[in-house]
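Down below is the structure, laid out as structure tokens.
Quick note: the coordinates plus some simple rules give every number you see, no bench work behind them. As the structure is a computational prediction, the values presented were derived from the model and not from experiment. Here the Cβ is made from the backbone with ideal geometry for all residues, glycine too, and neighbour counts use every protein chain on show.
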Amino acid sequence: MDSVTVSMEVVAWVNRNFPKPRVDRETSLKSHLSESLDPTDGLPKDIGHDNTNITLSGVPTLVEITSISEVGSSAFQLDQVRKAREDRIQAGGFDEYDEGDEDADLEVEGEGPLPNYPSLVQTPLGFKLQLKAVRIVCGVANLEPDNVILLGGKSDLNQHRDYYLRQNLRERMGLPKEPTPEFEDVEGEIDKNSGAGAPGPPSPPPQAL
């Protein structure tokens, strides 16, 4: 079949009346990917299986951090740091997640600086990154500086990151998870995505970073 040449006027009319959807970068970095992307796209569904051994190909794959576990430290040690931070923050009247607050500034007089988590645990939930040619073995992605593009961002999950971290640590220590509370969003409305009975972010496999 012979190809058909379309005039520039027709192309301009189509583009004007049926423009391609555009993605606002800042909005996407501050929201859940599940709210804007096709869940059947991206990583293969069996990516977390023990027999997985693949290398991602094609264009970089956009992913979002919804749960974090620091396997380089024991769950008990991390929970002790969490409790110490919680006690000190309450004693000093601080909000751990206030914009602009630095851990070095969160100090109760006479008690020294606030205990810090390992750097990985400080990554905000909802952080976005792209994976390019990443090898994934047994559900573990081998991330290196040259195969990861850090985009930044966070989502409303980060407001409740202490709760999610606490549940992850309880699971690792063999303790039952706490009931899921009804979280409120920044406008004071109940967050239906994280309300009572709704599952929190999945805990990563013990060997995952």
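Spacing of the modelled spin labels on Ser34 and Ala91, each 7 Å from Cα toward Cβ, amounts to 3.8 nm. Cβ crowding within 10 Å ranks Asp87, Asp50 as Asp50, Asp87, fewest other Cβ atoms first.
Computed from the C-beta positions of Lys83 and Val140, the FRET efficiency with R₀ = 25 Å rounds to 0.30.
The length gained on full extension between Lys177 and Val59, counted as 0.36 nm times the residue separation minus their Cα-Cα distance, comes to 38.7 nm.
Computed over neighbours whose Cβ is under 10 Å from that of Ser69, the net charge equals -1, Lys and Arg +1, Asp and Glu -1.
With r as the distance between the Cβ atoms of Val11 and Asp162 and R0 = 45 Å, compute the FRET efficiency 1/(1 + (r/R0)^6) and round to 0.05. Provide the component values of the computation, followed by the final result.
On the way: r = 53 Å, r/R0 = 1.18.
E(calc), rounded to 0.05, equals 0.25.
What is the Å³ per residue value for the convex hull set by the Cα atoms of the stretch 130-183? Mind dumping the intermediate values first?
On the way: hull volume 6.7 nm³, N = 54.
Taking the convex hull of the Cα positions in the stretch 130-183, it is 124 Å³ per residue.
Put a dot 7 Å past the Cα of Ser73, heading toward its Cβ, do the same for Phe18, and the two dots end up 5.5 nm apart.
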